[in-house]
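Take a look at the structure set out below.
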Amino acid sequence: MLEKLNGVKARFEERLQNLNSIADLEDVRVAFCGKKGELTELLRSMGSLSPEDRPKMGQKVNELRNLIEEAIANKREELNSAQRLEQLKNEVIDVTIPAEPEVKGTLHPLSLTQERMCEIFRSMGFDVVDGPEVETDYYNFKALNLPDDHPARDMQDTFYIAEKLLLRTQTSAAQIRTMKTRSVPIRVVCPGRVYRADEVDATHSPVFHQLEGLVVDKGINLCHLKYVLEEFAKEMYGNSAKVKFRPSYFPFTEPSVEVDLTCSECGGKGCRVCKGTGWIEILGAGLVHPNVLRECGIDPEVYSGFAFGIGIDRITTTSYKIPDLRLVFENDVRFLKQFK
Amino acid sequence: MKVSLNWLKKYVDIDVPCEELCERMTTQGFEVEGIEKSSVMDNVVVAKILEIEKHPDSDHLQICQLDIGGGVREQIVTGADNVFVGATIPAALHDSHLPNGMHIKKGKLRGVVSNGMMCSGEELCLQGTDFPGADVYGILILDSKWEAGTDMNTVIGADDCVIDFSVTSNRPDCNCVLGIAREVAVCLNKEFRAPKADYTVKKDASAKVNVTVEDFDLCPRYVGATVENIRIAPSPKWLCDCLLSAGMRPINNIVDITNFVMLETGQPMHAFDVRDISNQQIIVRRAKENEELTTLDGKEHKLNSEMLVIADASRAVGIAGIMGGENSEVKDDTPAIFFESAKFRRDSVRKTARALGIATEASSRFEKGIDAFGCRFALDRALSLIDELNAGDVTSWSPDVFEELCESKTIVAPLKRIEELLGITVPTDIIITILTNLGIEVKCENDVLTCVIPSRRDDIEGVADIAEEIIRVYGYDHIESRPLSGVLTRGTKSKQHLMSDKIKELMVSCGANEIATYSFISQKAYDLLGISSDNTVKLINPLGEDYSIMRTQLFSSMLSVMALNENRGALDMRLFEISKIFLPKQMPVTEQPEERKVLAVGLMGKKEDFFTLKAVVETIFAYFGIKATYAKSEEVFMHPGRQAVITAGNSVLGYLGEIHPDVANKFGIVGRPLIAQIDLVNLFAIASSKVLYSALPKYPAIERDLAVLVDVSQPIGPMLDAIKSAGGALVKDVKLFDVYKSDSLGENKMSVAFSITMLNPERTLKAEEAQKVFDKIVRSLEYRFGASLRG
């Protein structure tokens, strides 16, 4: 019996020595530990031993079994890691080969700018509202304090649909609708398309975009206007951006100002973009004209407000340094894909 | 408004450089659009000769030591022999330019340094007639009154500059030199000197022209005057210089006076030949229908009854505010004239000028608006010039016709209200100075200002205007930045706006690039699509046919963009646009059309087909929880077999399909464009993007494949629906995974294979139960679609 046992051990050790694959190892395991394996046979043959020999022999056989199982487990791990090592070696790749990024679409630069502007004002508590593009004479002109004989109403500037129907020339038309439908305090911005009969060139388009802002409350003054526009400028162009007021004229604001912003190109030092002044003219603003407030049923003796109109197209072309407005409406995909 | 600095100096002392004046006027509300300098040389200054010595190596050269101002001495060598110690001469310094184009640099003359050149009259392009002594041979000897260092441009009167001020439309009073001069006076805090407007009446008029205004609504005031014994002659140089600085050509004293007064006061003037005014009657009336008149420029015009004319007893002699008639113009032998200084209503002048296609200096001023009170002053100024120039005899005849002139306006402005609007406190004495300088009579009692506004400033209507006048002069730089206070509000965005943002995000995730196209399109776009443009909103005055119709669909704009890109070499593209379409509520359009936000998606390229487009559209519907139904549609511009109308419940969500190859070709596209247009108003109405958690399945699902044979004409969509309804609650999901057509399957048959996922959320689904459901599904397909199970 002991002889047998030693024979099994010797054969096992020999075979273990000479194998070099997981499959071989499995064969060895079956050959020794399988149902008909040598070790199993040995265990089975224990029954024929005398009761006094059995424990002694049993212990030896168990020892052998432990030894075999441990050896197999060790060998398996050894083979596995060798195999994994081999696999990893074969799987080496050239990490410098380029990969194309996932194809994502893009938003139009006008959308990007408009959204960014809306978000800035929204963070200051302004609601974003919408207004019709085909407007009545009343909302686009009359209620905005543009009397019938005002030169700005001339056919040259405005596209007409019918006698008192036109394409809005300014988002200010939405001011009136807002003031008539909302109650004070009012803080809104209205982005959108506006239309003027300008021939197409590098800086003009008959279709363009504005963002109108309106605040009406008790005690609103020019200092508040300056604050809001300054905050906008800082958010849009960085903390060093400043705004400057220059007197101007709009029929629907009084006082009216033209607002200059620190030139985003040169930071105010003076360059070609700002024609050496360090400032770029970016928007018109002012305190809402008392006649306009009155027209909307708001008492100008009690309330005041400010309004501003920002050219989204101009902000878009200056902030992305787009040299020609025509590119914006041309929609060449090579252009569009740049605005990630 | 172009104004010469020298002209301005007649009314206000200007002691700052031109550039500084421009800057300060800009901050006061008069932006400078350009400066034209009349200087003809640079770095040429007045110098005094201090010493003269002979050149050691030349018998005709002399070495002069010059005082060139500012305590600086320069040595210049000259060959001229008329110089003497103490002489005042022009010296061109190193790096100077002469009017004749010469560039002077320092150099050595026979070994002696010469830092420039002394100039002759000829070298400065001067002639004896313009500048005394310029014809003298040798160096120009100047009057010793000129200080050393003075710019020679100043000496010869070439130091003017013409400043082009931008005048906003609320300030028509500044479309003239006096208006600008008043603002300059305020700006520099100097006194404004009005020009003289007095004259001597020489005689009574022998021709008393009577003025009748029939249409006061279009002509609130008409002032006239007769001048006799006209002596036509050229105008003096100062007057010609003024006209030339404004770009006007001097003609003769009478014409020049009318032009000068217009430029100076802003009031257009006209002069009629009294001989041509029949019955000595001026009638201001609306023209008769088809009345004809030849204007001063020789052009014939046919007038209508909306136009205002100046007529005599028998015919029109001028178009009011625009141009005089040829029939009454001032001629070389005109013995007597009748001056007109009137106010015509601005929109009337504008409409007439547009209708006739004439734009004149006069009409542009009337269109912007002039002061009715200025008519008299302008006429007096003209008569004063007649006197001064001795161009005729002013008569005592000067009719002034008006119906009613409003009194000057008084505005009560509490200082507190001004402060509330500006947000800052401007010292009261400064406020009073500013307003007074602006010509506003102001009194301050108990912190309340009482302001009497001059008639020329009818733009000033209330406290807000007063506040603006104060701050624009005081300076906007005084405005501080102050946060808004009051109720804290949250900035909101409408649900529609947020959903539209979401769609953009989804489209970007689908790899589409957003485009932006014009809202108006051409008739041709409709023709190419083969659809009617009858029910559209059309512009009365488009920029051209290309931009004449407010679009009712986004297909044609999308196709144009696709054509442009294909033409530039792009083969694969995914594009989208969200914009409004304009649907008329009635024809002809009388009220605002319905504006609907729509989405257009356009795909083209090898990898794109109807189903990739449908997948993009489904991405949106899936997000908003919409179960859309697709049915074949019949749009003429789409492929007859590859288009569908999309509906959900009762609402039509839009269309999608491949564009008809013929239509694509007409747009210049070779590829196969696919376009979907989704109505976002309808979509938003049924959209829901609310997410609620549903329990994860605890039990395993059973997946079964099902392949059936059906007629090739059988649409598959309804079969999917049938599987779901036959399978009931246990069917979790059905996917189509194969469609196979082959003759071997039988004539007109195809094999359609589905993968069906079944699950019971309560317990493990047994195979027998799944089989039962499966059999039910098969029976339903057999019954409804004539399908047979493929073995």
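Each value in this text was obtained by applying a stated rule to the coordinates, not by laboratory testing. Keep in mind that this is a model prediction, so the values were computed, not measured. Note that each Cβ is placed from the backbone with ideal geometry, even for glycine, and that neighbours are counted across all protein chains shown.
Please name which of A:Pro206, B:Ile466, B:Phe610 has its Cα lying farthest along the dipole of the protein assembly as shown towards the positive end, using unit charges on Cβ (Lys, Arg +1; Asp, Glu -1) and the Cα centre as origin.
Sorting the options by dipole projection puts first B:Phe610.
Which entries of B:Lys732/B:Lys772; A:Lys244/A:Lys275; B:Lys606/B:Lys741 show an alpha-carbon separation above 19 angstrom in the structure shown?
Cα-Cα > 19 Å for B:Lys606/B:Lys741; rest within.
Which lysines, on any chain, are close to A:Lys89 with Cα under 28 Å apart, when same-chain ones fewer than 8 places away are left out?
A:Lys75
Please work out the Cα center distance from the range B:600-641 to the range B:193-235, rounded to the nearest Å.
The two parts, judged by their Cα centres, are 78 Å apart.
Nothing charged except the Cβ atoms of Lys and Arg (+1) and of Asp and Glu (-1): what's the magnitude of the dipole of the range A:198-340 about its Cα centre? Round to the nearest 20 debye.
700
Work through the residues other than B:Pro236 whose Cβ is under 10 Å from its Cβ and net out their charges, Lys, Arg +1 and Asp, Glu -1.
Result for the neighbourhood of B:Pro236: -2.
Can you tell me the dipole magnitude for the protein assembly as shown around its Cα centre, using point charges on the Cβ only (Lys, Arg +1; Asp, Glu -1), in Debye to the nearest 20?
Its charge dipole is roughly 5460 debye.
Hand me the trypsin sites (Lys or Arg not before Pro) from the range B:134-235 located in a DSSP loop with no more than 14 other Cβ atoms within 10 Å, in residue order please.
Qualifying residues, ordered by number: B:Lys145, B:Arg193, B:Lys196, B:Lys208, B:Arg231.
In the range A:231-340, which GluC sites (Glu not before Pro) fall in coil by DSSP and have 12 or fewer other Cβ atoms within 10 Å?
Sparse-neighbourhood loop GluC sites (Glu not before Pro): A:Glu301.
Could you list, by residue number, the cysteines of chain A that have no other cysteine's beta carbon within less than 4.7 Å of their beta carbon?
A:Cys33, A:Cys118, A:Cys190, A:Cys223, A:Cys296
In debye, nearest 20, what is the charge dipole magnitude of chain B about its Cα centre with +1 on Lys and Arg Cβ and -1 on Asp and Glu Cβ, if you could check?
So the dipole magnitude of chain B works out to roughly 4520 debye.
Report the local net charge at B:Ala644: Lys and Arg +1, Asp and Glu -1, summed over other residues whose C-beta lies under 9 Å from its C-beta.
My count for the surroundings of B:Ala644 gives +3.
In whole angstrom, note down how far apart the Cα centers of the range A:232-249 and the range B:326-368 are.
First find each Cα centre; the distance between them is then 45 Å.
Counting Lys and Arg as +1 and Asp and Glu as -1, what is the net charge of the other residues whose Cβ lies under 13 Å from the Cβ of A:Lys60?
Charge balance near A:Lys60 sits at +2.
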